[in-house]
C-alpha cells in the first residue's frame, strides 16, 4: 500500500513539474511565435501583391507599400494603386485551407492566390498549394464566380483547370474561394 502511495505521489509531483516546464516554455516562446506568424503574413501579403523586398527590409517594405484597412471583422491589405488582398480560410475536402488572395482594383480580377496552410492529400489535393497550380488563377475574373473545371480544359475568363485525381478537393476549393471573395468584396465595398 505504501509503495502504491509513493508511486502516485511521484507521478503527481512529476506531472506538476512537467506542466510547469511546459507552461514556462510556452510563456517564453509565445511572443516569438506571434512575431513569426506576423512576419509570415506580411511576406505572404507582399508576395500576393507582387511587391519585391529584401528579407531584412520586410517591415519597411510592408509599411511603405501596404495600407491596412479594417472593415467589420475583415482586414484588407491595400496597395497604392488600390489592389486589395485579404486572408481567407475555410474547409477543404480533408481539412482547413488558409491563404491570401489578392484582387486588382476592379475587385473582379485575381492577381494571385497564396496558400499558407492546407491539409489535403499529398500528391493529389495537396497540389492546390503548388505555385504551378495557383498560377492558373492569375488574371481570372469572378464573372460571377470562379469555376474549376475537371473534365475539359478551362476556356473562359472565369475558368481554371482542376487538379487531376482530386475533383472533390477542386470543388471544395472552388466553393471556398467563391464564398470568401463574394463576402470579402461585399464587406469592402460597404
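Annotations for the structure displayed:
Yes or no, residue by residue, for (1) surrounded by 20 or more Cβ atoms within 10 Å (Cβ to Cβ); (2) in contact with a strand residue (DSSP E or B) (Cβ under 6 Å, 6 or more places away or on another chain):
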{"residue": "86", "(1), (2)": "yes, yes"}
{"residue": "90", "(1), (2)": "no, no"}
{"residue": "101", "(1), (2)": "yes, yes"}
{"residue": "116", "(1), (2)": "no, yes"}
{"residue": "126", "(1), (2)": "no, no"}
{"residue": "130", "(1), (2)": "no, no"}
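- Residues that are part of a helix (DSSP H, G or I), in contact with a helix residue (DSSP H, G or I) (Cβ under 9 Å, 6 or more places away or on another chain) and surrounded by 13 or more Cβ atoms within 10 Å (Cβ to Cβ) within the stretch 35-82 comprise 39, 42, 43, 45, 46, 58, 61, 62, 65, listed in sequence order.
- Looking across 97, 115, one residue alone is without any contact (Cβ under 8 Å) to a residue 40 or more places away in the chain, part of a strand (DSSP E or B) and touching a helix residue (DSSP H, G or I) at 6+ places or on another chain (Cβ under 7 Å). It is 115.
- Residues of the stretch 141-165 that are in a loop (DSSP other than H, G, I, E, B) and within 21 Å of the chain's Cα centre (by Cα): 142, 145, 146, 162, 163.
Rule-based calculations on the coordinates, nothing more; no lab input. Note that the coordinates shown come from a computational prediction; the quantities given were computed from them, not determined experimentally. Ideal geometry is used to build each Cβ from the backbone, glycine not excepted, and the neighbour counts take in all protein chains shown.
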